[in-house]
1. Among the residues of the stretch 96-111, is there at least one that is under 24 Å from Ser247 (Cα atoms), modelled with pLDDT of 95 or more and under 32 Å from the mean Cα position of the chain (by Cα)?
2. Could you give me the residue pairs with C-beta distances under 7 Å whose first residue belongs to the stretch 460-473 and is free of Cβ contacts under 8 Å to residues at least 12 places away in the same chain, whose second residue is small (Gly, Ala, Ser) and surrounded by 17 or more Cβ atoms within 10 Å (Cβ to Cβ) wherever it lies, and which are 6+ apart or on separate chains?
3. Starting from residues that are touching a helix residue (DSSP H, G or I) at 6+ places or on another chain (Cβ under 6 Å), assigned to a loop (DSSP other than H, G, I, E, B) and not aliphatic (A, V, I, L, M), keep the ones in the stretch 80-135 and report whichever is most open to solvent (accessible area, probe 1.4 Å).
4. Output the residues belonging to the stretch 441-479 that are among the polar types (S, T, N, Q), closer than 17 Å to Gln548 by Cα and open to solvent by 20 Å² or more (accessible area, probe 1.4 Å).
5. So, in the stretch 480-493, of the ones that are under 12 Å from Ala540 (Cα atoms) and of a type in the set (S, T, N, Q), which residue ends up surrounded by the fewest Cβ atoms within 10 Å (Cβ to Cβ)?
6. Look at the stretch 173-192 and say how many of its residues are among the aliphatic types (A, V, I, L, M) and either open to solvent by 40 Å² or more (accessible area, probe 1.4 Å) or out of contact with any Phe, Trp or Tyr (no Cβ under 9 Å at 6 or more places or on another chain) (or both).
Amino acid sequence: MVEEAKAERPARCARKARARLCAAFSLVLAGTLAIGLCGGSPATLAALAVEGGAAASAGEAGSAGSASTAATGAAVNDTPKEEVVYARLSAAGAVDNVYVVNVLNPDAPGKVVDYGPYTAVQNLTDASGVEQQGDAVSVDVAGDSLSYQGDLGAAALPWDVSVEYELDGKRVDAADLGGASGKLAIFVTTKKNASVDPAFFDNYLLQITVPFVSDQVRDVATEDGQIALAGSNTQVTFTGMPGKDGSFKVEAQVSGFSMSGISFAAVPFSMGIEMPDTTELVSGFRQLGDGVGELKAGADGLASGAGEVASGVGEVAGGMDGLAAGAGQLVGGANELTGGAQGVAAGAQGLAEGAQGVADGAAGLSGGLGAYQSGLSAQAAEARQNIVDTSALEKGYQDAAQTYVAAYAAAFHEAKSRGFDDAQAYQAAATATANQSAAMQSALTAFMTATGGNAGMLGAANALEGAAAGLGAVGDQNSLLGGATALSGGSSALVAGASELASGASQFAGGTGALASGTSELASGANQAAAGAGELAAGASQLSSGAQQLANGTGTLYEEVQGIPDKVQKEIDAMMADYDKSDFKPVSFTSAKNANVSLVQFVMSTDPIEAPTHEEPAVEEPEQGIWDRLLALFGLA
């Protein structure tokens with residue numbers, strides 16, 4: 001048995017080599033047909049040829065499958081396989097025709113049953129037949145792999161594609177663009193097709209290539225992609241991220257316009273992404289929360305002090321009312337009050353000095369609140385100035401991702417061309433593109449960090465602006481700042497009333513002859529003092545109310561700020577999760593019964609736009625004689 005196994009090994013290796021070559025040739029042939037149908041370029045043909053070779057090699061390294069699935073009658077195909085989905089689109093993006101090249105890689109030669117709702121099937125590896133019953137496709141695999149084509153008609157794709165054209169600012173059909181000249185704008189839109197398994201839209205990177213003939217265009221411009229020269233073409237490449245709708249635009253001045261067609265290539269985006277260190281960022285927001293906590297403590301103290309001021313001013317107002325009543329009695333009993341006039345004068349002078357102190361304090365309070373409001377507004381403005389524009393960082397990450405994908409594919413195919421197996425080729429490609437991978441990681445980290453910082457700064461700015469607005473305005477007596485201003489005005493009236501009271505008491509004490517007049521002025525001054533004290537009491541009450549509102553608002557701000565670090569971290573985690581597709585497992589595009597799919601790729605292309613041809617009139621050549629033909633045969637004519 002051992003000797004038989006040794007003898008069988010060379011033959012088996014030969015079969016594997018033939019199968020790999022046949023699979024690669026079959027995919028290249030299928031790619032050639034796709035290029036002919038879709039109007040692709042030689043560069044696209046080369047790319048498909050490389051994909052064919054890679055698919056054949058991947059078939060050999062795929063997980064073990066069962067070649068006897070059909071024999072057992074099971075309704076699931078466990079045979080390892082790959083699928084390359086080719087689609088021809090109209091110039092406007094509508095699906096015209098879809099077919100799939102299936103590469104079967106069984107563990108051993110034999111009959112395999114694959115599944116797909118095909119309208120027609122064709123063997124691309126050898127001349128053996130393909131049986132089809134409903135969605136079941138039966139083939140006999142003689143070697144290690146077999147490729148066959150299945151037509152799906154105008155099947156739905158994971159992406160709804162729309163392509164629109166403008167010439168000199170006016171919308172035109174693609175059919176009218178052949179040979180046109182002017183300023184051309186092309187709009188490409190990709191959206192999720194809800195009727196197709198979302199696994200492809202959510203996990204695939206979409207590369208869109210718009211090829212211009214370099215001799216026909218100038219001033220090619222785009223804000224959404226990259227521009228590069230490729231032989232005689234100027235190519236504009238866009239990248240659609242997994243799970244995202246895309247909208248892209250390119251403009252150019254064209255002359256005698258024609259185009260081979262816009263191509264769309266979709267591959268799985270299965271790269272793991274390392275979580276950036278957000279410790280310092282989150283710590284900064286926690287410090288902000290601590291600062292707001294200190295602000296809250298100060299506001300609570302201000303509210304308590306304002307309440308005490310309101311209580312004291314209320315007592316002063318009550319005293320002023322009593323003084324006014326006493327002054328009225330003095331008018332009728334001036335003779336009795338003559339002996340105590342000096343005491344009244346002294347008391348009035350003390351009242352004036354006290355009122356002046358109250359007025360100074362009220363003015364200081366009003367000015368302090370205004371400065372506090374200005375400080376809050378300045379801090380909010382500073383927070384908004386710290387918000388940065390992340391569009392350049394996002395663009396940088398998309399460019400770095402595209403550069404990495406292109407470099408990785410080139411390095412992989414280079415390794416394969418040097419005879420490396422798949423594992424060696426993957427390792428060589430990873431080593432060769434380490435710098436591009438690091439650049440893409442760095443760009444993504446910068447983009448995520450800036451986005452999270454912006455969210456925190458915006459929340460802080462909104463909170464600070466709300467606190468500043470809570471202080472109110474000078475003209476609004478129902479606000480804290482307006483109440484302080486009213487308090488200052490009432491204090492001034494109190495000072496004026498107390499001064500008049502002191503003057504009246506002095507005149508009263510100066511002579512009993514002017515006693516009646518003095519007591520009348522005293523009564524008037526006392527009434528004014530009472531009125532001023534009433535205004536002061538009202539202002540102090542407003543001050544207390546406003547200070548309490550400030551304390552309540554600061555408390556709310558403190559509670560909101562406490563949640564900012566967690567919100568920032570959750571936002572960063574959510575954004576990282578959107579781009580981490582490392583756990584994606586390929587699924588079959590053609591049928592859920594195909595349970596062992598290692599790779600599914602999409603290659604789509606729109607119809608070409610061709611310039612009208614001008615046929616030259618045929619020129620009749622004179623009929624050649626036998627001698628002329630003989631000379632032409634040997635190249636002597």
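1. We begin by selecting, within the stretch 96-111, every residue under 24 Å from Ser247 (Cα atoms); these are 96-98.
With the extra rule that they be modelled with pLDDT of 95 or more, the set shrinks to 96-98.
Cutting the leftovers down to under 32 Å from the mean Cα position of the chain (by Cα) gives us none.
No, there is no match, as no residue in the stretch 96-111 is under 24 Å from Ser247 (Cα atoms), modelled with pLDDT of 95 or more and under 32 Å from the mean Cα position of the chain (by Cα).
2. Matching pairs, first to second residue: Ala473/Ser479; Ala473/Gly482.
3. Across the stretch 80-135, the extreme among qualifying residues is Thr125.
4. Taking the stretch 441-479 as the starting set, the residues that turn out to be among the polar types (S, T, N, Q) are 441-442, 445, 449, 451, 454, 462, 477-479.
Imposing the further condition that a residue be closer than 17 Å to Gln548 by Cα reduces the set to 477-479.
Listed by number, the residues that qualify are Gln477, Asn478.
5. Initial filter on the stretch 480-493 (under 12 Å from Ala540 (Cα atoms)): 480-491.
In the following step, the residues that additionally are of a type in the set (S, T, N, Q) were identified as 485, 488, 491.
On the way: Thr485: 27, Ser488: 21, Ser491: 28.
Here the answer is Ser488.
6. Step one: of the stretch 173-192, the residues among the aliphatic types (A, V, I, L, M) are 174-175, 177, 180, 184-186, 188.
Then keep just the ones that are either open to solvent by 40 Å² or more (accessible area, probe 1.4 Å) or out of contact with any Phe, Trp or Tyr (no Cβ under 9 Å at 6 or more places or on another chain) (or both); that gives 175.
Residues in the stretch 173-192 being among the aliphatic types (A, V, I, L, M) and either open to solvent by 40 Å² or more (accessible area, probe 1.4 Å) or out of contact with any Phe, Trp or Tyr (no Cβ under 9 Å at 6 or more places or on another chain) (or both): 1 in total.
Matching residues to (1) within 23 Å of the chain's Cα centre (by Cα); (2) among the small types (Gly, Ala, Ser); (3) open to solvent by 20 Å² or more (accessible area, probe 1.4 Å):
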| site | (1), (2), (3) |
| --- | --- |
| Ser195 | no, yes, yes |
| Gly225 | yes, yes, no |
| Phe238 | yes, no, no |
| Asp245 | yes, no, yes |
| Ser255 | no, yes, yes |
| Met259 | no, no, no |
| Ile262 | no, no, no |
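Okay, residues lined up against (1) modelled with pLDDT of 95 or more; (2) in contact with a strand residue (DSSP E or B) (Cβ under 6 Å, 6 or more places away or on another chain); (3) within 20 Å of Trp159 (Cα to Cα):
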position	(1), (2), (3)
Gly246	yes, yes, yes
Lys249	yes, yes, yes
Phe257	yes, no, no
Asp277	no, no, no
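The values are calculated or read from the model by the stated rules, or taken from the named source; none is laboratory data. Everything numeric here is computed off the predicted structure, so don't read it as measured data. Cβ: placed from backbone, ideal geometry, glycine included. Neighbour counts: every protein chain shown. For accessibility, only protein heavy atoms count, side chains too; no ligands or nucleic acids. Shrake-Rupley method; radii C 1.70, N 1.55, O 1.52, S 1.80 Å.
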